Structure formats: C-alpha cells, structure tokens
Amino acid sequence: MKILKDRILKESKVQNGDLIKVGSFLNHQVDIDLMNKIGKEFQKRFKDTKVDKILTAEVSGIAIAAIVAQYFNVPMVFARKTKSHNLSKDVYATDVYSFTGKKTYKIKVSKEYLKRNENILIVDDFLANGQAVKGLIKLVNKADANLAGVGVVIEKGFQLGGEELRKEGINLESLAIIESVEDGIRFR
Ligand code: 5GP
C-alpha cells in the first residue's frame, strides 16, 4: 500500500535496532484519513471472506480495528490486557509475551463477545514475532469460532511471525512488509 509505505519512510524512527516508531500516525497520534484508507484496503483484500467480527488487542490495535470494523459493518472486540471492572469473570484467556514490553501478560475476552462458529478477522498494528496474533488466534480457538484471517498494518519481515503464520496456512494480509531497517527502511 503505497500511501502507507510513503508515510513509514517519511515519519518512522527506528529505535534499539529493530523497534519501529510510528507514533505520528498509528501508535500515539492517529491519522484518521489514513486509517480509513487502510480500512478500505482490508475490505478489498478480504472481500471474498465472511467476517462477523473484528478482534484485536488493547491498546494500539483498537484505533485501527475500530475503523476496519466500520468498513466490514461488523462489531469490533478488543482483548483486554489490563484489569477492568468492565470485564466479566467468564473469559477466554491466554498468555502473550510482549515484544515491546519485554514481559508476559494475559489477554482476555469475555465469553459473551466471542461465540462459537463466528468468523473472526484479527487486526493489529504490527506483526513481529507473532506472539500477539498467536495469542488472539488461541482465543478464537478456545471459543470454537473460525479464524477468517489476519490483517496487519505493518509486518516486520525480518522477524519470524509472518512466515510462521503463512506456513500454517493462515490467510494473512500485511499492508507494508519491512524487509530490513539497517541502512534505512527497505520494503519487501
Ligand atoms: P509480536 O507479538 O508479533 O512479536 O509483536 C506485535 C506486537 O508488538 C504489536 O501488537 C505491537 O503493538 C508491538 N510491536 C512489535 N514490534 C513493534 C515495532 O517495531 N513498533 C511498534 N510500534 N510496535 C511493535
């Protein structure tokens, strides 16, 4: 997706060797016009796929997943990482190791909002080692729902998550795949 790649080239910063910061349009400040274009692009890429619900994880997946859900005209549900009184005790839960936080945390979704046989499209901002997406897939499996596919905005192709998901036959669409960051950002 050219417009996204141009923004990455113009505005991203690489920290600690492999952490790509896109706070100006995706992870902190959010460019809604760009999010709408991304939403439309996912709608196009998954046009032959039945989607009943969009699933993401808080915090940084929420903005993009909400806009994607608008294009599919379905609800969006986000897995919670933090304790909340809004969350019932009856949940699907799994452990996820955080690439950015360097620790393991639990993600949880209330059983009310993930139902048997629902077709779930997982959406997230980044795909790196795949821990976040794999955790979300576990929740889909625990609910006996169907995984319709996975849509990520930025895949870090130099980490293994994308390759592993494709090997498993998962319908993965990444709008920008970064091949390397060493001598400036290079896309696949
Ligand atoms: P994974 O679980 O695939 O290793 O990492 C994906 C999650 O970690 C994403 O949900 C994202 O929030 C975060 N993440 C991983 N790599 C990066 C990165 O380079 N930049 C940013 N902003 N987030 C990242």
Descending packing, highest mean Cβ count within 10 Å first, for 50-62, 21-33 is 50-62, 21-33
Nearest 10 degrees is fine. How inclined is helix 32-45 to the longest principal axis of the chain, computing both from alpha carbons? 70 degrees
How large is the direction-averaged shadow of the alpha-carbon convex hull of the chain, in nm²? 10.2 nm²
For the charge dipole of the chain, defined by +1 on Lys and Arg C-beta atoms and -1 on Asp and Glu C-beta atoms about the Cα centroid, which residue among 23, 60, 34 has the Cα displaced farthest towards the positive pole? 60
Quick check: net charge around residue 87, other residues with Cβ under 12 Å of its Cβ, Lys/Arg +1 and Asp/Glu -1? +4
Regression test value, accessible area per residue of segment 1-147, probe 1.4 Å, units Å², expected 54 Å²
Could you tell me which of rounded, prolate or oblate describes segment 103-151, using a ≥ b ≥ c as the square roots of the eigenvalues of the alpha-carbon gyration tensor, with rounded for a/c under 1.5 and, failing that, prolate when a/b is larger than b/c and oblate otherwise? oblate
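In whole percent, how big is the carbon plus sulfur part of the accessible area of segment 70-188, probe 1.4 Å, protein atoms only?
Accessible surface attributable to carbon and sulfur in segment 70-188 totals 45 percent.
The values are calculated or read from the model by the stated rules, or taken from the named source; none is laboratory data. This structure is a prediction, so every number in the text was calculated from the model and none was measured. Cβ sites come from the backbone with ideal geometry, for glycine too, and all protein chains shown count toward neighbours. These accessible areas exclude ligands, DNA and RNA; they are computed on the full protein's heavy atoms, side chains included. Shrake-Rupley method; radii C 1.70, N 1.55, O 1.52, S 1.80 Å.
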